Every structure is written in C-alpha cells, then in structure tokens.
Amino acid sequence: MMENKLTELKEAMDTTTHKGRHFTEFQKNKIRSAVHRPVESKSPNPFIIFIMTTVALCLIGFFVSTELMVKKNGTNNGRSNIVQEGSAIILPGDIPTFVQESDLDTINWDQKATTFGRNMIGNEDKSGIIGADMPSLSGQKWMWHLWDTDATELTVVAYQRDSGTVNAVLNNGESWTIPLGGENNGADVHTPSSVTIPERGEWAFVLYADGKLFDVVVMEIDE
C-alpha cells in the first residue's frame, strides 16, 4: 500500500518541474555551507544612536517645559488669573497690554474707599461708584464716575488680595473695557455697567482711563 502511494507520488512529481535532478554537488555544498555558517549581526551605528538620543531628549525637554509653563500661566475657563510667586505678579495673556505688574504690586491697601456725594463709593474728586455702597456677590448695576479727565474708555482690573487673582468684572465678567459717556453727578465722565464679583474678600478695582492708570478703589466685599 505504501509503495503504491510512493510510486504515485514519484509519477506526479515527474510530470512537474520536480522531475530530474535540479541541484549539482557544487550547489549542494554551497547550500550546506550557508546553512551551517553563523549569522553575522551588525552593530548599530554609534552616530545614529547619538542622533536619536539627542532628538528624544529634546522632545522630552520641550514637553516638560510646556507643561510647566501652562501650569504657571494657566487660565480659569477663559477668565484671567494672576499667580503670585514670591513678590512677583505674573499677568495673564488676555489682560490689556497697558496693565503693568507694578500697578498691582504697589496697591495701597490702607487707602480704603469712602462714601461721598450721592451715595458714591470711591476716592472723592477722583473716582466714584454709585451702586457699590452695598456690594454683593450677586450681579449688580454700578455707575462709574471719573473727575478731571475727558477719557472715552474705562478699563477695570479687579484684584483680590488674599487669593491673588485678577478678574474682569464688567458686564458680568465678560469685559475689561467699556466706553465712557459725558458729565453726570458732577463728574466729567461716567458710564453704567453690570458687575459680578466672583468671591468675598478685599478687592482693589484698578481703573485705567484710555489705557493710563487713573485710580484704585479699595473696598471689602463680604456678602
């Protein structure tokens, strides 16, 4: 039975390209030599290793420094923050460019706002706010008044002393700057706005008239 199958296999191979002898003794010896020869392993090129290592270290350094920078200058859902590191104040990127670190660093917290005129809170004959006599964390309407200026724009930077944060509070926290109107209540220029204060504490409202530091109104907000 086995011999019959072998015979059939030989006949089948003879009808294909396997018929006959295809390898000479010389070819067989070459094949044997190749099979028993050890495989040579090539050492990696030292220059290539140096280049790849350098690139990897540069990428790691880039990602680490980027992450540290994001944490250092982070923002809170689009609202600006100031991070105090020692005595330095770092201003966020979206605050108006004319605002300087020194403007906030040199605030006189002992110079509190006073009440004058028609229930105005502020610094008499300089700046006053109607509606700030009962400040609250809920949205309010304030009317800002400035004396001795013909400025057309008011910028308000609200700085919280304890947390070291700065916020845009005008138009319920959406704006840094609003236009100023004409005379009102004895002031040379004025403007109304909606105001939202995000947290309790001692606040300094740093006022800029047409991009120039004008006045600072310091008050306590605890309701």
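Taken over segment 131-148, the criterion of being over 11 Å from THR196 (Cβ atoms) and of a type in the set (Gly, Ala, Ser) is satisfied by GLY131, ALA132.
Yes or no: segment 121-138 includes at least one residue that is exposed (fewer than 12 other Cβ atoms within 10 Å of the Cβ) and without any contact (Cβ under 8 Å) to a residue 60 or more places away in the chain. So far as segment 121-138 goes, yes, one or more of its residues are exposed (fewer than 12 other Cβ atoms within 10 Å of the Cβ) and without any contact (Cβ under 8 Å) to a residue 60 or more places away in the chain. Yes or no: LEU146 under 21 Å from THR114 (Cα atoms) and surrounded by fewer than 15 Cβ atoms within 10 Å (Cβ to Cβ)? Taking the combined requirement at face value, the residue does not satisfy it. When ALA151, ALA204 are checked against the criterion of being under 34 Å from the mean Cα position of the chain (by Cα), modelled with pLDDT of 95 or more, hydrophobic (A, V, I, L, M, F, W, C) and part of a strand (DSSP E or B), a single residue qualifies: ALA204.
One residue is enough: does segment 104-117 have a residue meeting the conditions at pLDDT below 85, closer than 25 Å to LEU180 by Cα and either in a loop (DSSP other than H, G, I, E, B) or touching a Pro at 6+ places or on another chain (Cβ under 7 Å) (or both)? Looking through segment 104-117, none of the residues is at pLDDT below 85, closer than 25 Å to LEU180 by Cα and either in a loop (DSSP other than H, G, I, E, B) or touching a Pro at 6+ places or on another chain (Cβ under 7 Å) (or both). Of all the residues in segment 174-201, those that are in a loop (DSSP other than H, G, I, E, B) and touching a residue at least 60 places away in the same chain (Cβ under 8 Å) number 7. Among the residues of segment 149-167, those identified as in contact with a strand residue (DSSP E or B) (Cβ under 6 Å, 6 or more places away or on another chain), more than 12 Å from PHE214 (Cα to Cα) and surrounded by 19 or more Cβ atoms within 10 Å (Cβ to Cβ) are ALA158, TYR159, GLN160, VAL166, ASN167.
The values are calculated or read from the model by the stated rules, or taken from the named source; none is laboratory data. Values in this document were obtained by computation on a predicted structure and should not be read as measured data. Ideal geometry is used to build each Cβ from the backbone, glycine not excepted, and the neighbour counts take in all protein chains shown.
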